[in-house]
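As structure tokens, the structure follows; a few thoughts come after it.
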Amino acid sequence: MGDAGYWQQRADYALVVQLDEARGSARASGTLRYVNASPDTLRELWLHQHLNAFRPGSRWSADDSAKGKLRFQRLDDPAYGYERFTQAPRINGKRVRPEYPLGPDSTVVRLPLPRPLPPGDSLIVALAWEARPSTVLRRQGRKGRHYDFAQWFPKVAVYDRHGWKPNALVPQGELYGEFGTFDVTFVLPADQVIAATGVPVAGDPGWERVRLPGSEAPTLLRGAYGAVGAAPHPVQVPNGFRAVRFVARDVHHFGWSVSPAFRYEGAKMVRPGAAAGAWDTLALHVLHEHWQPGRTLADVRYAMRWLEGVFGSYAWPQITIAERLEGSGTEFPMLVMNGEEDRSLVVHEAGHQFTYGILANNEWQSAWMDEGLTSYQELWARGDARVPLAQERAQKGWANPEAIPDTAARRRLHTITEFTASIEASTRFATTPPLGLRSDLFANKDEYDAVVYDRAAGFYSALHDVMGEATFRAFLRTYYARWARRHVDRWAMQQAAEDVTGAPLDWFFGQWIDGSGTIDYTIEAPRVAAFGTSGASGSGGWEVSVPLQRRGVYRHPMPVGVRTVSGWTVQRADALADNQTVRIVVREPPLEVRLDPFGSVESRTTTASSYILP
């Protein structure tokens, strides 16, 4: 993509939503203002109605049937999910007829424009619809009075330099959206408690009433966006209901959950040194029904501090963690829906606020960009990443993994080795898919997970090793500073990496993203030649020549080390040379030669990787 000629569309929603618990649904209406910032004249508008995936007849259900999995195919009313227009959409006041070109799937909608939309122009779409989650849980759901509205509104598809992206929602692959402002007023039963994207600029979200003893009072940040004015659409509030208005700017999705059983915990992070455009106070909210008090709040505080240390200042004013009905977790801008208490899960999903949320890649096309990176961040944050452990081993001279005296370091190494095994296992699929394969083209969800989570985390581990600690951190901060709140692709990431290193990296990105394989090198018996006059006052030493051969698909600047009584001397090989001799000069008699002596490379070599010298 690159910076040159970059543009992105804008989508601003102003909505009123009323929860109808008798129907198990939400009834909504409002407007979408769509701005054409592209150089192209548009003649159609594409929308997603993602909730229609969770019902019979959808492509999601067809995919499940093809793979022998039963979830939504046989659901009857009122169990299945849906998102239905209750009135025909109007574009600039003119009624248009929705078209569903993927029928019977109805997750993708085409709206023909009454007149072409030229570059720089905008239009207003008036929308009215009803959204009902399914009783079978998957990225949304309802049970009793708890509703997880992860998908619920007609979401405009992305139009980028490659055209429209109106893909159907299927089990592999997630979301891609246009940035804009969401101004959403909820009309809720009086006892419901809400967690949502954005900040509550008016009305009561219910948090103070259910605040746990000892927790800070909610930091509402009602003035986070300055004066927002009155709600853009009239709101009628029946008896027994209340209205609460949330506003979120520069986001590409909006999610919400409600439950009268939610309990609230909150805190704030004050950051006087926040970057320009960021808030000096970050609000932390946790809403849960069953979790241990204080635990997830401590986890999200830890996660945000760690992530800001990696990327820079968080680009939004708040983050909310809400307990959802389904296990595991799913990310949305400013909102995480988690089904369990776990620090690594919090770090993973909070990491998605940066990679997916703020750095907005197309998860359907390039899931490796966010799932792989946040999976690697999760390992890195808990101390289970190779490069930091290798640095520790190098500082302490722990080359032999069997002789590491520190129990915690041995445990970390064991975890890292198991993770490497899982990465290499993903190359054993019959099709051996590359990282860059489009999500819906993976054979199944297991294959998708193994590649875009595990092997993609291996990609970032290998890049960390290629760059080194300081440069890798500088790359992530540069990438974030350059592309925050914008769409990103491989080329945006690669350009940031090349700018920081000052070297071309197409060889590295190309092999990992477009191909598949492992890093596998072997060394042969080294040759040792003495020269000059050795000793403390002499100018001589020993030149150790180590033949190195690439056997795996991926190239890598392999570290080769020579040990003397004073420690290790390590030199990197040329990543682009398949067969080479690495020459290392030492001033003391060489005792051992070892390939990757401190284990920084995401590889398990299967042949002899060390030689004890006579």
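Miscellaneous remarks
- Looking only at segment 572-584, and only at residues there that are open to solvent by 70 Å² or more (accessible area, probe 1.4 Å) and without any contact (Cβ under 8 Å) to a residue 60 or more places away in the chain, the one that is farthest from the chain's Cα centre (by Cα): 583
- Residue ID - farthest from the chain's Cα centre (by Cα), chosen from residues in segment 38-67 that are surrounded by 17 or more Cβ atoms within 10 Å (Cβ to Cβ) and assigned to a strand (DSSP E or B): 42
- Summed over segment 141-191, the residues that are in a loop (DSSP other than H, G, I, E, B) and either among the aromatic types (Phe, Trp, Tyr) or touching a Leu at 6+ places or on another chain (Cβ under 7 Å) (or both) give a count of 8.
- Residue match in segment 520-538 (condition: closer than 29 Å to residue 436 by Cα and of a type in the set (Gly, Ala, Ser)): no
- If the condition is being closer than 23 Å to residue 422 by Cα and either open to solvent by less than 20 Å² (accessible area, probe 1.4 Å) or basic (Lys, Arg) (or both), then segment 461-473 contributes 461, 462, 463, 464, 465.
- The residue pairs whose first member lies in segment 472-498 and is in contact (Cβ under 8 Å) with a residue 40 or more places away in the chain, whose second member is surrounded by fewer than 19 Cβ atoms within 10 Å (Cβ to Cβ) and assigned to a helix (DSSP H, G or I), and whose beta carbons are closer than 7 Å, counting only pairs six or more residues apart or on different chains, are 473/310; 476/310.
- Residue match in segment 557-571 (condition: out of contact with any Pro (no Cβ under 8 Å at 6 or more places or on another chain), part of a strand (DSSP E or B), at pLDDT 95 or above and open to solvent by 70 Å² or more (accessible area, probe 1.4 Å)): no
- Among the helices (runs of 4 or more DSSP H) confined to segment 334-418, the ones with at least 1 residues that are surrounded by fewer than 21 Cβ atoms within 10 Å (Cβ to Cβ) and modelled with pLDDT of 95 or more are located at 343-354, 386-396.
- Test: residue in segment 207-224 that is in contact with a Gly (Cβ under 9 Å, 6 or more places away or on another chain) and under 24 Å from residue 27 (Cα atoms): yes
- The combined condition, being open to solvent by 10 Å² or more (accessible area, probe 1.4 Å) and within 18 Å of residue 152 (Cβ to Cβ), is not fulfilled by residue 253.
- Scanning segment 262-296 for residues that are of a type in the set (Ser, Thr, Tyr) and surrounded by 18 or more Cβ atoms within 10 Å (Cβ to Cβ) yields 264, 296.
- Filter result for the condition that a residue is open to solvent by 70 Å² or more (accessible area, probe 1.4 Å) and assigned to a loop (DSSP other than H, G, I, E, B), over 102, 70: 70
- Considering segment 1-37, the residues that are farther than 26 Å from residue 119 by Cα and part of a loop (DSSP other than H, G, I, E, B) include one that is most open to solvent (accessible area, probe 1.4 Å), namely 23.
- Scanning segment 187-229 for residues that are in contact with a helix residue (DSSP H, G or I) (Cβ under 7 Å, 6 or more places away or on another chain) and under 22 Å from residue 280 (Cβ atoms) gives 217, 218.
- In segment 419-443, the residue that is farthest from residue 67 (Cα to Cα) out of those that are buried (at least 16 other Cβ atoms within 10 Å of the Cβ) and of a type in the set (Val, Ile, Thr) is 420.
- The set of residues in segment 427-476 that are under 18 Å from residue 370 (Cβ atoms) and polar (S, T, N, Q) comprises 439, 461.
- Of all residues in segment 541-556 being farther than 30 Å from residue 491 by Cα and in contact (Cβ under 8 Å) with a residue 40 or more places away in the chain, the one that is most open to solvent (accessible area, probe 1.4 Å): 543
- A single member of 242, 222, 209 is surrounded by fewer than 23 Cβ atoms within 10 Å (Cβ to Cβ) and in a strand (DSSP E or B), and it is 242.
A quick yes/no check of all residues on (1) surrounded by fewer than 18 Cβ atoms within 10 Å (Cβ to Cβ); (2) on the phi > 0 side of the Ramachandran plot; (3) hydrophobic (A, V, I, L, M, F, W, C):
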| site | (1), (2), (3) |
| --- | --- |
| 475 | no, no, yes |
| 493 | no, no, yes |
| 511 | no, no, no |
| 524 | yes, no, no |
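- Subset tally (residues that are more than 21 Å from residue 33 (Cβ to Cβ) and in a loop (DSSP other than H, G, I, E, B)) for segment 192-205: 4
- Failed criterion for residue 463 (all others in (1) touching a Lys or Arg at 6+ places or on another chain (Cβ under 7 Å); (2) part of a helix (DSSP H, G or I) hold): (1)
- In segment 477-491, the residues that are of a type in the set (A, V, I, L, M, F, W, C) and surrounded by fewer than 21 Cβ atoms within 10 Å (Cβ to Cβ): 481, 491
- Test for residue 116: is it open to solvent by 50 Å² or more (accessible area, probe 1.4 Å), in a strand (DSSP E or B) and either out of contact with any helix residue (DSSP H, G or I) (no Cβ under 8 Å at 6 or more places or on another chain) or closer than 24 Å to residue 443 by Cβ (or both): yes
The values are calculated or read from the model by the stated rules, or taken from the named source; none is laboratory data. It should be emphasised that the depicted structure is a prediction, and the values quoted were computed from it without experimental measurement. Reconstructed Cβ throughout: ideal geometry from the backbone, glycine too, with neighbour counts over all protein chains shown. Calculation scope for accessible area: heavy atoms of the full protein, side chains included, ligands and nucleic acids excluded. Shrake-Rupley method; radii C 1.70, N 1.55, O 1.52, S 1.80 Å.
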